[in-house]
Amino acid sequence: MRNVTQQNISDVVIAALSSDIPARNRQILENLIRHIHAFCIETKVTHAELIQACQFLVRAGHISDDARNEFILLSDILGIEVLVDMLDLTDGESESTVLGPFYRENPPVLPKGASIVQKSFEGSQSVRVSGTISDTSGRPIPGVIIDVWEDAPNGLYEQQDPEQPDYNLRGRFLTDEEGRYEFVGIRPAPYPIPYDGAAGELLNYMGHHPWRPGHIHFMIQKDGYQSLVSQIYDADTKYLDNDAVFAVKESLIGKLHKGPAGSDTDLVMEFDFKLKPKAAEIAVAAE
Ligand SMILES: [Fe+2]
């Protein structure tokens, strides 16, 4: 019988992996095991701390449901989601950033230029957001599906707020023949990520605040192109330099200008995105 020691524990556990598992699973598990073991050794994790960590994850599970994913919040607070996201970037396409925990499938399908505001809020500023979606060579792409979502002036997304109509401040749009999209929303407000659960505990451990800068979320999809999940940040919002989830990128900052004379919104913002074609897949499929 093999004697398991601090020195060989990683090799012993890795040796237990079946030779039949997919190569990627093996790579993930091997690295995970080696890094977690190294972390425990280097940090001298105590048994009591391990139990505390497990109980913390149980609490994160209990507070999660279909409308709330506490584990995404935890990965955001630790900068993990934004880091994973960066590993994907190659030259040319718009920068992506975190999905966050508030996306909902199947938002209302709306015509170009329509408003996503189902309920008006006192003091909020309306904004017409428009732009062109093109490929990395600058060719506009018609028929791109664009899901947008944002929070209300009270800092809450509709699923967090019983006072808002279902799917308020969400919509799905298509680009026209010139690759143009357009919709009316409101100036997004900074908001604290939910800190009444495990994410709040983690922020307390860190001594960090929960606030995010005002932003509008985008999910942009078109067959033959790499999907883009991103956000536009209001250039004049608070917390641009101190986002609780580290997701701000310079290229994703958009300026909200006063609406021109005759404009039906208080503000306007133009923001273009570039998608990366899945060239390799198209070439393979054509053969
Ligand atoms: Fe958000």
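Values quoted throughout were computed directly from the atomic coordinates according to the rules given, and no laboratory measurement underlies them. None of the values given here were measured: they were computed from a predicted structure. Neighbour counts are summed over all protein chains in view; Cβ atoms, including those assigned to glycine, are modelled from backbone coordinates with ideal geometry.
Which three numbers, in whole Å and largest first, are the semi-axes of the equivalent ellipsoid of the stretch 15-148 derived from its Cα gyration tensor as √(5λ)?
40, 24, 14
What's the FRET efficiency of ARG24 with ALA53 using the Cβ-Cβ distance as r and R₀ = 41 Å, to the nearest 0.05? Each step should come with its number before you reach the end.
Values: r = 26 Å, r/R0 = 0.64.
For R0 = 41 Å, the calculated efficiency reads 0.95.
Which residue, GLU49, GLU93, GLU177, has the most motion in a Gaussian network model of the chain that connects Cα atoms within less than 10 Å?
Looking only at GLU49, GLU93, GLU177, the biggest GNM fluctuation is shown by GLU49.
Only bridges with both residues in the chain count here: give the DSSP antiparallel percent, nearest 5.
Given both bridge residues lie in the chain, the antiparallel proportion sits at roughly 75 percent.
What trypsin sites (Lys or Arg not before Pro) does the stretch 1-42 have in DSSP loop regions with at most 11 other beta carbons within 10 Å? Intermediate values should be presented prior to the final figure.
Working: sites: ARG2, ARG24, ARG26, ARG34; in loops: ARG2.
Passing both the DSSP loop test and the Cβ count: ARG2.
Sort the chain into rounded, prolate or oblate with this rule: let a ≥ b ≥ c be the square roots of the eigenvalues of the Cα gyration tensor; rounded if a/c is under 1.5, and if a/c is not under 1.5, prolate when a/b is larger than b/c, oblate otherwise.
oblate
Taking only complete DSSP H runs, can you tell me which helices of the chain stretch 18 Å or more along their own long axis by Cα positions and average at least -1.0 on the Kyte-Doolittle scale?
Helices meeting the span and hydropathy rule in the chain are 23-43, 47-63.
Which residues in the stretch 69-107 place their backbone N less than 19 Å from a point set 7 Å from the Cα of ASP196 along the Cα-to-Cβ direction?
Counting only backbone N, you get 69-74, 101-103.
Which of ILE63, ILE77, ALA53 sits farthest toward the positive end of the charge dipole of the stretch 19-105, with +1 on the Cβ of Lys and Arg and -1 on the Cβ of Asp and Glu?
The one lying farthest along the dipole's positive direction is ALA53.
Could you work out the relative contact order of the chain, using alpha carbon pairs under 8 angstrom and six or more residues apart, expressed as a whole percent?
20
So, in nm, how far is label ASP88 from label VAL45 when the simple model puts each one 7 Å beyond its Cα toward the Cβ?
2.8
Could you order the peptides 242-250, 219-227 from most to least packed, using the average number of other C-beta atoms within 10 Å per residue?
So the peptides 242-250, 219-227, ranked by packing, come out 242-250, 219-227.
Where Lys and Arg each count +1 and Asp and Glu each count -1, what net charge lies around VAL144 among other residues with Cβ under 15 Å from its Cβ?
-1
Roughly what would the spin-label model give for HIS208 and GLU105, points 7 Å off Cα along C-beta, in nm?
The two pseudo-label positions are separated by 3.0 nm.
Among the trypsin sites (Lys or Arg not before Pro) in the stretch 41-120, which ones are in a DSSP loop with at most 14 other Cβ atoms within 10 Å of the Cβ? Mind listing them?
Those satisfying the criteria are LYS44, LYS112, LYS119.
Taking the Cα centroid of the stretch 43-87 and of the stretch 1-41, what is the distance between the two, rounded to the nearest whole Å?
Spelled out, the Cα-based centre of one part sits 21 Å from the other.
Given the -39500 (n - 2.57) contribution per DSSP H run of 4+ residues, what per-residue ellipticity at 222 nm results for the chain, rounded to the nearest 500 deg cm²/dmol?
-8000 deg cm²/dmol
I need the peptides 15-22, 188-195 ranked by packing, meaning the mean over residues of other C-beta atoms within 10 angstrom, with the highest value on top.
For the peptides 15-22, 188-195, the packing ranking is 188-195, 15-22.
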